[in-house]
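Before I ask anything, let me first share the structure, which is written out below as structure tokens.
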Amino acid sequence: MEWAFDGGRPCLDLVNTLRNRYAPEGVEMLTSPEKLAEWLSLAGLTDGQVPVTEEDLENAKWLREAVNRLVTTQPARPDVDLVNKTADEPLPNAHLHLAGGELRRTAPTPRNPVAAALARIATDVVELVTSPVDVRVCAAEDCGLRFADASPRRTRQWCSMSRCGNRAKARAHYARTRG
Ligand SMILES: [Zn+2]
């Protein structure tokens with residue numbers, strides 16, 4: 001199974017690293033610290049692949065499940081606290097870089113790149129759940145991906161047209177022509 005980055009928000013893309021959530025267990029894609037390093041890099045949350053520990057992996061999964069509950073169920077205090085605690089990791093501010101007499105703006109490397117990446121995800125959660133954007137679950141029965149629906153009428157049904165939308169259309173067409 002390939003990574004899915006169709007959530008429209010970093011926090012939902014993290015939620016979608018546990019796939020097939022329609023099933024009781026789902027399919028875990030963050031199976032190792034290396035997998036989390038790969039995901040963080042592909043998500044653009046770290047500058048290339050950074051060292052990730054088992055503890056980082058656990059923290060990412062705790063955050064992930066808290067986010068999932070916050071966007072799909074009645075919000076609960078422990079999940080709110082976890083998001084706030086994760087967001088507390090200080091992020092380095094932009095630095096000045098002087099090269100050949102020219103001033104440039106650079107992004108300094110955070111002391112703990114993984115904690116910084118999770119803090120950015122936590123901040124994204126804060127913005128998402130306090131915005132008018134709807135979080136939806138893909139309408140395909142065998143998908144379960146979450147996505148932010150910012151369409152004008154909040155009518156988006158599929159996580160992506162290529163993954164689920166076209167399949168659903170093909171099924172409907174088959175049912176029509178058969179019946
Ligand atoms: Zn889908």
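Tilt of helix 113-129 relative to the longest C-alpha principal axis of the chain, in degrees (0 to 90, nearest 10)?
50 degrees
For labels at ALA139 and GLN49 in the simple 7 Å Cα→Cβ model, what's the distance in nm?
Calculated label separation equals 3.9 nm.
While we're here: If we count GluC sites (Glu not before Pro) as exposed when they sit in a DSSP loop and have at most 16 other beta carbons within 10 Å, what is the longest stretch of the chain that avoids them all?
Details: sites that count: GLU2, GLU25, GLU141.
It works out to 26-140.
Using the alpha-carbon atoms, what tilt in degrees (0 to 90, nearest 10) does helix 77-87 show relative to the longest principal axis of the chain?
40 degrees
Also: Calculated FRET efficiency, ALA76 and LYS169, Cβ-Cβ r, R0 45 Å, to nearest 0.05?
0.75
So what is the accessible area of region 4-64 per residue, in Å², with the probe set to 1.4 Å? Present the calculation step by step, with values, prior to reporting the outcome.
Working: 2900 Å² over 61 residues.
Accessible area per residue, region 4-64: 47 Å².
For every helix of n ≥ 4 consecutive DSSP H residues, a contribution of -39,500 (n - 2.57) applies; sum these over the chain, divide by its total residues, and give [θ] at 222 nm rounded to the nearest 500 deg cm²/dmol. Display every interim value, and only then the final one.
On the way: 6 runs with 76 residues, N = 179.
It lands at -13500 deg cm²/dmol.
Roughly how many whole Å is it from the C-alpha centroid of region 137-159 to that of region 1-77?
18 Å
A follow-up question, please. On a 0 to 90° scale, report how tilted helix 166-178 is relative to the longest principal axis of the chain, with both axes built from alpha carbons and the result rounded to the nearest 10.
With rounding to tens, the tilt is 0 degrees.
In addition: Beyond 24 Å, how much of the Cα-Cα pair distribution for region 10-178 remains, as a whole percent? Numbers along the way, then the final one.
Values: 6492 of 14196 pairs.
Roughly 46 percent, rounded to a whole number.
Looking at region 96-179, which trypsin sites (Lys or Arg not before Pro) are DSSP coil and have at most 13 other C-beta atoms within 10 Å of their C-beta?
Filter output for region 96-179: ARG111, ARG153, ARG154.
The values are calculated or read from the model by the stated rules, or taken from the named source; none is laboratory data. Treat the numbers as computed from the prediction; the structure is a model and nothing was measured. A quick note on method: Cβ atoms are made from the backbone with ideal geometry, for glycine too, and the neighbour counts reach across all protein chains shown. Keep in mind that these areas ignore ligands, DNA and RNA; they rest on the heavy atoms of the full protein, side chains included. Shrake-Rupley method; radii C 1.70, N 1.55, O 1.52, S 1.80 Å.
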